[in-house]
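Every number in this text was worked out from the coordinates using simple rules, so none of it is lab data. Computed from a predicted model, the values in this text were never measured in an experiment. For neighbour counting, all protein chains shown are included, and Cβ atoms are generated from backbone atoms with ideal geometry for every residue, glycine included.
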Amino acid sequence: MNDLLVKNGLVWVDHKWQNVNVAVLGEKISYVGTEEVEAKEVLDVKGKKVLPGLIDPHVHFELKCGRLTSVDDFYSGSVCAAYGGVTTIVDFLDPTSNAKDLEKSFYERLELAKKSLIDYHMHACIKMPNGDLEEYVKTVVKLGMRTIKLFTTYSDTGRRTYEEDIEKLLRLSKKYNVLIEAHIENDDLIDLRDSYTYKDLPVSRPSMSETSEALKLAKLVRETGGNFYMVHCSSGETLKALKEQFSDILNKNFFVESCPQYFIFNNSVLEGENGKLFTFAPPLRSERERQLLTAYYKDVKTIGTDHCAFMKKDKDYQTLKGFPLGVGGVEHSFSTMYRRFGDEIIDKMSFNSAKIQDFPTKGEIKVGMDADLSVFSEKEDYFENENHGTCDYSIYDGILGSGEFETVLVRGQFVLKNRKIVPHQGKNLNCGEVK
């Protein structure tokens, strides 16, 4: 007998809505169809939508940022995620320069992640490489990861990776079937003068720094045949240029991720009363670039949030130097984006990420897959102080959403039931060694 039957819902199956029931046995989906099969427990979700558990491929929980650490740890961050229908997150190891430090960083980070209510995985993160790069990549694979993030900027804090090493990593990515991810900004175009305040973010980190660097890296990807993933694309100019000049590799082996904030806000909010709360890197762009990003939305493969929350007092800082850049968002990402883009957003927040991150049992509702299910109740409503994490504000307060998640299951177990958190132990997703 099945453990649970979810019936009468409109279910996202095979990239479309279907009127089917879903049964769960243990951690897996055991039945998808129109029959009302036997189960120990029945959940009637009539009038609601059932989505595959969402995947956020880009969060920063308990991230050390100089004098501060982001305020959502793996427990409170996973609570936010559950309220947002997210059943799997991918966080980042602390940046390391060699294989020995990488392994140490991996186990330290996993220890912190044990608090998570939902499933989790890690990206490796490299900075200023000083060891054998092939050994580094082989260690990533040995530890069950398949992604390596680098920065083309932040030379001021010793995190930048330079072009020679990027090219080597791209060639190794093809050899070992790993994915090179990058925070893309041209370091030479970033101006960190002492007099700049948060309002100067768009000048300090201009759009051209992202666009020019993205095109340079796309050329390297084309030349090497490597596997590449651009995180948090902020400007429609960047996406337009990639589409026009690199359509042969765009979202084939050069994947693009963007974030809800870049579709919803423009940089004029920095001039407002709460402008300092809308600070992150890359920064918000002009209204024209926001509209252009929306126009080229279909060329964005995945949606991550770059969730990295700080308190209001942490941002009460006079100059950009030392200013904590980051905001929360994992709780509101789906509701805000679904209102704007409808059904097209679903695969970008589930199926696509599962394929790119190599999660073979995640991202879709079918027999044999993990029973990660998110039940969504549609309603047009404004977010008002809706934040279930640690942070004392949300940039989405006052923004119109499309509904809320009422019930969420991770591997067949409730983590959210009738909008109440249910204690649960998330699991590390180890993708295994590449043979």
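Quick check on the exposure proxy: order 372, 299 from fewest to most C-beta atoms within 10 angstrom.
Neighbour counts put them in this order, fewest first: 299, 372.
Relative contact order (percent) for the chain, with alpha-carbon contacts under 8 angstrom and 6 or more residues of separation?
Relative contact order, the chain: 21 percent.
If you restrict to DSSP beta bridges whose two residues both lie in the chain, what percentage is antiparallel, to the nearest 5?
Around 45 percent of the beta bridges assigned by DSSP in the chain are antiparallel ones.
Between residue 317 and residue 287, what is the FRET efficiency for a Förster distance of 35 Å, r being their Cβ-Cβ separation, to the nearest 0.05?
Approximately 0.85, to the nearest 0.05.
Consider the candidate values (i) 26; (ii) 44; (iii) 20; state which one is percent of Cα pairs over 37 Å apart computed from the structure displayed.
(iii)
Pairs of alpha-carbon atoms within less than 8 angstrom and 6+ residues apart define the contacts here; what relative contact order does segment 241-322 have, in percent?
39
By how many nm would the segment from residue 18 to residue 381 lengthen if fully extended, with 0.36 nm per residue of separation less the alpha-carbon distance?
Fully extending the segment from residue 18 to residue 381 adds 128.1 nm.
Nearest 20 debye, what's the magnitude of the dipole of segment 53-357 about its Cα centre given +1 on Lys and Arg Cβ and -1 on Asp and Glu Cβ?
With only Lys, Arg, Asp and Glu charged at Cβ, the dipole is about 320 debye.
List every residue whose amide H lies under 5 Å from the amide H of residue 96, counting only residues 5 or more places away in sequence or on a different chain, with H placed 1.01 Å from N in the peptide plane.
For residue 96, the qualifying residues are 125, 126, 127.
In units of 2.2 N^0.38 Å, what is the alpha-carbon radius of gyration of segment 262-386?
Expressed relative to 2.2 N^0.38 Å, the Cα Rg reads 1.23.
Quick one: which of 253-266, 191-204, 174-187 comes out on top by average Cβ neighbours within 10 Å, and what's the full order, highest first?
Ranking, from highest mean packing down: 253-266, 174-187, 191-204.
Would you kindly state how much longer the chain becomes between residue 298 and residue 191 on full extension, computed as 0.36 nm times their sequence separation minus their alpha carbon distance, in nm to one decimal?
35.3 nm
Which order, highest average first, do 44-50, 315-321, 91-97 follow once you tally other Cβ atoms within 10 Å for each residue and take the mean per peptide?
Averaged packing, sorted descending, gives the order 91-97, 44-50, 315-321.
So, by mean Cβ neighbours within 10 angstrom, what's the order for 64-77, 156-169 with the highest one leading?
Per-residue Cβ counts within 10 Å, averaged per peptide and sorted highest first, yield 64-77, 156-169.
With respect to the cross-link table entries 115/315; 49/379; 48/420, which display a Cα-Cα separation exceeding 21 Å?
115/315
Fewest Cβ neighbours within 10 Å first, please rank 112, 133 accordingly.
So the residues, fewest neighbours to most, are 112, 133.
Can you show me the helix-derived [θ] at 222 nm for the chain, built from DSSP H runs with n ≥ 4 at -39,500 (n - 2.57) apiece and divided by the number of residues, rounded to the nearest 500.
-7500 deg cm²/dmol
In the neighborhood of residue 298, defined by Cβ-to-Cβ distances under 11 Å, what is the net charge if each Lys or Arg adds +1 and each Asp or Glu adds -1?
Spelling it out: positives minus negatives among the neighbours equals +1.
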